[in-house]
Amino acid sequence: MTRDALILGIESSCDETAAALVRSDKTILAHKVAGQLAAHQPYGGVVPEIAARAHVEALTPLIAEVLAEAGLKLDDVDAIAATAGPGLIGGVMIGLVTAKALCLAAGKPLIAVNHLEGHALSPRLTHDVPFPYLLLLVSGGHCQILKVLGVGRYQRLATTIDDAAGEAFDKVAKMLGLGMPGGPLVEAHAIHGNKARFALPRPLTGTKEPHFSFAGLKSAVARLVAGFETLSDQDKADIAASFQAAVVDCLVDRTARALAACGDVTTLVVAGGVAANGPVREALQQLADRHNLTFVAPPLWLCGDNGAMIAWAGAERFGLGMIDPMSVQARPRWPLDPEAESARGAGVKA
Amino acid sequence: MILTIDTALDACTVALLKHEVVAQMVHEPMTRGHADRLVPLINTVLDLAHNPHIDTIVVSIGPGSFTGLRIGIAAARALGFAWNVPVIGVSTMAALALAAREYNKKPVLVVHDAKRGHVYVQLFDGTDPLSGITVETPPLAADMVTAHKAVVVGTGAAHLPEVHTLPVNPFPMPRFMVACAANHPLGLEPLYVRPPDAKTQMPKH
C-alpha cells in the first residue's frame, strides 16, 4: 500500500487569503483563512487592487503558519496546489507565482486548480460522495448547476443569465444598509422577519429554460426599498426574509428541473459561499428527500473560499497523475465545462 | 550566491551574483506576462549555474507596475521561506541612481514611467536621496531637472525630451541591485507610492 500524499493548498482568487495542508486520506492537518473584510468594508464591496495588496502581504506568512501548526516542513509536502483561476487576476497571480516559487525551491510538483473545481469536489473531502453527482454551486461570483462526472469532467446544466445568487444577497444587504458580509447579515436579519409580507418575483421559475436569473429580483427589492421613507428594523427583517425566500424558491425550482433532466445521480450536493445559508440547505435537503437522493452540504467553514478545498482538489488531481508545468498561466475566466452553450444574456460571464 | 529578481518595470530580470559580479543573468523586456515568465527564468539561471547554494535574495520593490512588483515580491518571499534565506528589498529609483553614479557626478533625477501621463521621480546626489519618491507630470519633472541642473535616467526619460539623459539601462541591473541591498536595504513592503484604485468587482467565471 502506498503512503497517502500530502498536499499544500493555496487560495487567493477573491478576498480571502488561505492555505491548508490536506492528506489524500481526507485528513485536514491544518487550515487557515486570512479574511480582508475590514480592508474592503469602506467601499461596500471587494476592491481588486486592495485584495491583491493584502494577498501579497499575507500569503507566505500564512503558509509558514499552516506548516508550523501541523509540525511539518515544506519538504514533507508531496505537491503544491494553487488556485489558477477563475477570479480576480491580481490575486490569482500572487497565489500561483508563490506556489511555483515554492515548487521550484523545494523540488515539488505544481497543481493548477480551478477554483470552481475546489468548491465542486469539496463535499468529497468531508463525505463519501461517489461520482456522478448533481452539484448546485452558489457563491458571490457563480451560480451553476453541474453534473460532476469525475475529476476535471463537468457537464453544466444551468448557469445564471445575469447575477450570481451571492451577489444578489450582497446587493440587497447594501440596499438595506446591513454592511458586509452581505449574505450572512441578510440571513441573520431574515430570522426575525416575515417572509410572506412582500411578494417578490422568482425569475425564470417554472420555465423550460434551465437557467437562473436574479437581476429582476434585485431590482424589485430596490423598488421596494425606495418606496419607504425610513426602514424600521422590522421592515428590514421582513424584506430580508421575503428576498431570501424568493432566492430559495429559485434555487429549489431550478435544481428540481436539473434533477429531472439529468437522470442517473444518487446524490445532490451544494457548495460555495451561499451553501452556508441555513434556509438554502434546509430547502435542498427537503428537495433531495422528495427525490430519494442523498443530500450533502460541506460544513459551514468549507463553504466559503478556503485553502482546504484547493488542497483537496489538488489531492484528487495528484492521485490521477494530473500535474502542471511551471509555465501554466493564471486565468481570470475558466469554465468547468468549456463545451457548455453560452446562456442567453450571460455573454462572457458564463 | 545572491539571487536578484526584478519584475517592477517593463522587463523581467533574474541573475545570480557572487558579491557584485554577475555569474548568470537573463533579461527579457516585456510589458506583461511577468507572472508567467518569472519562475521559469529563475529555473533557467539556477540550471545554468548548476543549482548553486543561494544565501541571499534581492528583489526590487518598486515603484513600478503594481502587478509586476507584487509578482517579484511574492516569488522572492516564497523562495526566501523555502530556502530559509534573507530577502532584501531595493528601490528601483536607488538602483538607477547607483548606475548613473558610474557615468556622472551631477545630481541625478530618476524618472520611471508611472503610466496615465505621469512619472515617478526622485532626486539623488550621488547615491543619497535628496527627495522622497513622488508622482509628477512630465513638465513638473522637467522643471526639477532644470532647477537642480540634474541629469536624467529611468524608463520615464523619454517623457522628458529636452533634458540630458545618461546611457544607462533604465531597468535595475543586478549588479546595482546588489550594491543597493548593501547600501540602502529595504523591507518587502511594496513601494506603491500611489493609492489603490477603489473600484469594486466580484470575480466572474
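None of the figures in this text is laboratory data; all of them are computed from the coordinates on show. All figures in this text were calculated on a predicted structure; none of them were measured in a lab. All Cβ positions, even for glycine, are placed from backbone atoms using ideal geometry, and neighbour counts span all protein chains on display.
Express the Stokes-Einstein translational diffusion coefficient of segment A:200-323 in µm² s⁻¹, to the nearest whole number, given a Kirkwood radius over alpha-carbon pairs, 10 °C and a viscosity of 1.306 mPa s.
Result for D is 94 µm²/s.
Between A:Ile191 and A:Ala38, what length comes free when the chain is fully extended (0.36 nm per residue of separation minus the Cα-Cα distance, one decimal in nm)?
Fully extending the segment from A:Ile191 to A:Ala38 adds 52.6 nm.
Give the average, rounded to an integer, of partner chain Cβ atoms located within 10 angstrom of each Cβ in B:29-38.
Mean partner shielding for this stretch: 3.
With angles folded into 0 to 90 degrees, how steeply does helix B:92-101 sit against the dominant principal axis of chain B? Use alpha carbons for both and round to 10.
Between the helix axis and the principal axis of chain B, the angle is about 70 degrees.
Need one word for segment A:23-66: rounded, prolate or oblate. Basis is the Cα gyration tensor (sqrt eigenvalues a ≥ b ≥ c); a/c below 1.5 gives rounded, then a/b vs b/c decides.
prolate
Decide, for segment A:130-297, between rounded, prolate and oblate: order the square roots of the alpha carbon gyration tensor eigenvalues as a ≥ b ≥ c, take rounded if a/c falls under 1.5, and otherwise choose prolate if a/b is larger than b/c, else oblate.
prolate
Which distance in nm do the two modelled labels at B:Val135 and B:Met30 give, with both placed 7 Å along the Cα-to-Cβ direction?
2.5
How large is ³J(HN,Hα), in whole Hz, for each residue of segment A:112-124 in order, when computed from phi with the Karplus curve 6.51 cos²θ - 1.76 cosθ + 1.60 and θ = phi - 60°, using x for Gly and Pro?
Result, rounded to whole Hz: 8, 9, 6, 3, 5, 5, x, 4, 5, 8, 4, x, 6.
Compute the separation of the alpha-carbon centres of segment B:53-69 and segment A:45-109 and state it in Å as a whole number.
Result: 17 Å between the Cα centres.
Can you list the residues, at least 5 places off or on another chain, whose amide H is less than 5 Å from the amide H of A:Leu157, using H built in the peptide plane?
Close amide H contacts, sequence-distant or interchain: A:Ile145, A:Leu146, A:Lys147.
Label chain B by shape, choosing from rounded, prolate and oblate, from the square roots a ≥ b ≥ c of the eigenvalues of the Cα gyration tensor; if a/c is under 1.5 it is rounded, and otherwise prolate applies when a/b is larger than b/c, oblate when it is not.
Here chain B falls in the oblate category.
Which of A:Leu88, B:Leu16 comes first, and how do the rest follow, when ranked by fewest Cβ neighbours within 10 Å?
In increasing order of surrounding Cβ atoms, one gets B:Leu16, A:Leu88.
Can you count the Lys pairs in segment A:106-259 with C-alpha separation below 26 Å, eight or more apart or on different chains?
11
Just want the ordering: B:Val110, B:Val90, B:Val153, from fewest to most Cβ atoms lying within 10 Å of their own Cβ.
Fewest to most other Cβ atoms nearby, the residues stand as B:Val153, B:Val90, B:Val110.
Give me a comma-separated list of calculated 3J(HN,Hα) values for segment B:26-36, in order, Karplus coefficients 6.51, -1.76, 1.60 applied at θ = phi - 60°, integers in Hz, x for any Gly or Pro.
Here the 3J(HN,Hα) series is 10, 9, 10, x, 6, 8, 8, x, 4, 5, 7 Hz.
Taking Cα atoms, how many degrees apart are the long axis of helix A:48-70 and the longest axis of chain A, rounded to 10 and kept between 0 and 90?
On a 0 to 90 degree scale, this one is about 50.
Counting only other chains, and only Cβ atoms inside 10 Å, what mean value do you get across the residues of A:50-60?
Values: counts 5, 3, 6, 6, 0, 2, 11, 7, 0, 3, 11.
Shielding by partners across A:50-60 averages 5.
Once you have the Cα-Cα distance between B:Asp55 and B:Thr200, take 0.36 nm times their residue separation minus that, and quote the gain in nm to one decimal.
Working: separation 145, 0.36 × 145 = 52.20 nm, distance 4.10 nm.
That works out to 48.1 nm of additional length.
Spelling out what I want: for every residue of segment A:193-201, take phi, set θ = phi - 60°, compute 6.51 cos²θ - 1.76 cosθ + 1.60 (Karplus), and round to whole Hz; glycine and proline get x.
Result, ordered by residue: x, 9, 6, 8, 5, 10, 8, 10, x Hz.
Under the rule of at least 5 residues apart or a separate chain, name every residue whose amide H is placed under 5 Å from the amide H of B:Val58.
Under 5 Å from the amide H of B:Val58: B:Leu3, B:Thr4, B:Ile5, B:Ile88.
Determine, for B:His50, B:His159, the number of other Cβ atoms within 10 Å of each Cβ, and report the residues in order from fewest to most.
Result, fewest neighbours first: B:His50, B:His159.
If the elastic network links every pair of Cα atoms under 10 Å, which of B:Arg101, B:Arg175, B:Arg194 fluctuates the most in the Gaussian network model of chain B?
Top of the fluctuation ranking is B:Arg194.
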